[in-house]
Structure formats: structure tokens, C-alpha cells
Amino acid sequence: MTLRIVDKPLLLTMENTMNDQTRQDSSLKEIPKWADRYARHRVLAMLVGVVVFMGAAAIIGGLSAAAGVAWQRGHLVLAGTLLAADLAFCAWWVWLVLSRRLNTVFERAQGWLYRGEGEVAPAAPPVKPTRLNTIVGVAFAVAVCATPILCDAIDLPTRYLQPLTAIYLVPFTVYLCYQQRRFSTSLMLLWPALYTLHTLLVLAGVPLLANLHPIMAVLLPMIGYELIALLSAHLYSRYALHRLRTLARVTDGQEGHANGGA
Amino acid sequence: MAALDPDPLIHQPTRLRLMMLLSGLKEADFNFLLSTLGLTNGNLSAQSAKLEEAGYVEIRKTFEGKMPRTTYRLTALGKRKLAEYWQAMDQIRATLT
């Protein structure tokens, strides 16, 4: 005679333990994904970079505009001084960029901004600069310089200046996002996407930024949407870090069990 | 399929999480691992030393100016052992369910 004892509570406990272990395994397997997402969304230094570049552009533009006003009012010495200051600032800025000292400043800024969280490097390999980068950069610069000439030549109404810039700015920003993909994600594509949407609305007759100077009507959305994309990426990095810490933290119970295997 | 035994070195919860964290990154520094795993300095140092001894993790100590900096990365052996660990665990789970 075979006696079979079925301890239902014990079987249930074993089954629950197995299910818990399976769930824990699934959670653990998500750690690399969230680590990667967190590493690729650390964009605070880029945000600072945009603000710094905006500041530099404002100083260069402001000094230049002030020199023009002084010249028009006959204050030649003041105009000359302001122009000299403008040129000196431009030269210093170009030296900062070409000598890569700006890169060093941003690297240090990155370290300081994330000092509470530590340093990580994303797993994706670095994107090597290619000749295509130079071609795209030159083409973009040519397009920017040609825009006012083209507007004058065809007598384009000023409200169409921003849509015209979208023809080269959107592909250029998409290319930039692709080139920076190691440190960025598809969230940065918000930048060209919003700029495109803005363009479509302007073409449809919506008076977006219509009261501003035409150049500001281009610069504000260009920089503003980049900041929105960067801010979205930064907020996502907070979420990714929260998920990562939730998955990766060792609890006291786990550590206690582990000491037997230490 | 031959049965695989989960690597006991990796199976320890802290070391497993440490290796899973590093497998999603190229490298990470001490402060990041400490803050993300929620460990003490001593615990992280001890557990990572075991992994380094086994050749699963590479630990580099450098200086940034006067500040010491310790970075960790998973070695090729560590990546392979981690993949084998999960193969073994998945096999065991499949057998028991």
C-alpha cells in the first residue's frame, strides 16, 4: 500500500516562493536596461552648454547692436570701444572652442552636476567623427549665411523666414541627434519634431511669435525646443535612476541570506 | 542539454546586482555603485574584490587632480559567466515549474 501525503499549505508555499523567485529574476534582468537608459539621459551638462552658448550669443549680439546704436548716434569712440570689446570676446570664444578648453569645462561641469550620483559611461561605443560631419557642418553654415541673401533676392515676407530655416535646420538637428546617439536618445528628436510642428502651424497661418523680430522668431523656437528636449531627457533620467535603484538595491533579507554564500 | 550549475560567486545577491549593473554600462565609478546599490563602503569593496579576484570585474584606481577615483567594468569573462549564470537559473526554473 502506498501512502501519499499531500500537504497543500506546503505545496502552496513552495509555489508562491517559486513565483516570487521568478518575479525577482525578471526584475534583476531589467537592471542593465535601466542602467543604460539612465547613462544615456544624463544631459545636464548639455543643458548648461546650451545656456552658456545662448549667453555668449547674447553678449556678442548685444555688444554688436550697442556698437551700431552708438555709431548711429555719432558716439564714435563708444562705438569703437564696443566693437573692439565684441571682437575680443568673439576671439576669446573661438579660442575656447578650438582649444577644447570648453570641452574640459563641460566635463568638469558634468562631474559636478552629477556628483551625488557618481560617474558612468554608456555601453554604446563612441561615434567616430567622419568626413560627413564636416560636409554637413559646412552645408549648414552655408545655408544659414544664404538665408538672408535668399530672402532679399525673392523678397520673402518675414513671416516665412522661420519656415524657410526649417528646410535645413530640421535635417541638421536630426543628424546631430543621430551623431550624439551614444549620449542621447530618441527623446532628443523632440527638438526637430517640435520645430517641424511650429513650422507647420506658422504655414497654416497661426501667428506664433509674430510680434517678434524675424531673427528672434527663428532663434527662440530653435533654442527653446532644444531646451524642452533636453529637459525631457533629464526628467527621464530621474525616472530611470529611480527604477534602477528600486531594482538594484539589496534588501537586508537578501544580504542576510547571501552571507551564507559570501 | 547538459545541466548548468549557477556560479555561486555570482549567485550572491550583492555580487549579482553589481554584475547586472555593470553589464548595462561601459564602466561606473565607486560612488555610482555605492549610491545605486545602497551598500556600505566596506561591503562594496569586499564584494567587488571577490569578483576582481575571479577575473569577472576590472577595477582601476586613478587620480583626477588630487581626488582618487575608482572605476569598475565587467570583463569579457564576467559577461560570459553572467550569461551562463542566467542560462543555468532559467534551466532550473523551467525544471521546477
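Each residue in region A:33-78 was checked for being without any contact (Cβ under 8 Å) to a residue 12 or more places away in the chain and within 22 Å of residue B:32 (Cα to Cα), and 1 of them qualify.
So that you can scan it fast, the table gives a plain yes or no per residue for (1) within 14 Å of chain B (Cβ to nearest Cβ); (2) more than 21 Å from the chain's Cα centre (by Cα):
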| position | (1), (2) |
| --- | --- |
| A:114 | yes, no |
| A:135 | no, yes |
| A:142 | no, yes |
| A:151 | no, yes |
| A:168 | no, no |
| A:192 | no, no |
| A:195 | no, no |
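Within region A:30-39, if we keep just the residues that are surrounded by fewer than 23 Cβ atoms within 10 Å (Cβ to Cβ) and out of contact with any helix residue (DSSP H, G or I) (no Cβ under 7 Å at 6 or more places or on another chain), the residue that is farthest from the other protein chains (Cβ to nearest Cβ) turns out to be A:33.
Taken together, B:22, B:44, B:33 contain a single residue that is crowded, with 16+ Cβ neighbours inside 10 Å, out of contact with any Pro (no Cβ under 6 Å at 6 or more places or on another chain), in contact (Cβ under 8 Å) with a residue 40 or more places away in the chain and in a helix (DSSP H, G or I), which is B:22.
Scanning region B:17-30 for residues that are at the interface with chain A (Cβ under 7 Å from one of its Cβ atoms) and under 10 Å from the mean Cα position of the chain (by Cα) returns B:17, B:20, B:21, B:23. Is it the case, given these coordinates, that residue A:158 is polar (S, T, N, Q), in contact (Cβ under 8 Å) with a residue 12 or more places away in the chain and crowded, with 17+ Cβ neighbours inside 10 Å? For residue A:158, the condition - polar (S, T, N, Q), in contact (Cβ under 8 Å) with a residue 12 or more places away in the chain and crowded, with 17+ Cβ neighbours inside 10 Å - is not met. Against the condition open to solvent by 70 Å² or more (accessible area, probe 1.4 Å), within 12 Å of another protein chain (Cβ to nearest Cβ), farther than 26 Å from residue A:17 by Cα and among the polar types (S, T, N, Q), how does residue B:95 come out, does it pass? Criteria not met by residue B:95. Per the listing B:38, B:55, the residue uniquely at the interface with chain A (Cβ under 7 Å from one of its Cβ atoms), of a type outside the set (A, V, I, L, M, F, W, C) and without any contact (Cβ under 8 Å) to a residue 40 or more places away in the chain is B:38. Restricting A:163, A:129, A:157, A:125 to those that are modelled with pLDDT under 80 and either farther than 27 Å from residue A:241 by Cα or over 23 Å from the mean Cα position of the chain (by Cα) (or both) reduces the list to A:129. Which one is farthest from residue A:120 (Cα to Cα), of the residues in region A:92-108 that are open to solvent by less than 60 Å² (accessible area, probe 1.4 Å) and not hydroxyl-bearing (Ser, Thr, Tyr)? Residue satisfying both the conditions and the ranking: A:93.
Among the residues of region A:62-80, is there at least one that is open to solvent by 80 Å² or more (accessible area, probe 1.4 Å), at pLDDT below 85 and more than 14 Å from every other protein chain (Cβ to nearest Cβ)? No, because not a single residue in region A:62-80 is open to solvent by 80 Å² or more (accessible area, probe 1.4 Å), at pLDDT below 85 and more than 14 Å from every other protein chain (Cβ to nearest Cβ). Contact map, region A:107-123: first residue within 18 Å of residue A:238 (Cβ to Cβ), second residue among the β-branched types (Val, Ile, Thr) and open to solvent by less than 40 Å² (accessible area, probe 1.4 Å), Cβ cut-off under 9 Å, separation 6 or more or different chains; pairs are A:114/A:120; A:117/B:36; A:118/B:36; A:119/B:71.
If we keep just the residues of region B:58-92 that are at the interface with another protein chain (Cβ under 10 Å from one of its Cβ atoms) and over 26 Å from residue A:110 (Cβ atoms), which is modelled with the lowest pLDDT? For region B:58-92, the residue satisfying everything is B:92.
The values are calculated or read from the model by the stated rules, or taken from the named source; none is laboratory data. Source: prediction; values computed, not measured. A quick note on method: Cβ atoms are made from the backbone with ideal geometry, for glycine too, and the neighbour counts reach across all protein chains shown. Surface accessibility is based on the protein's heavy atoms, side chains included, excluding ligands, DNA and RNA. Shrake-Rupley method; radii C 1.70, N 1.55, O 1.52, S 1.80 Å.
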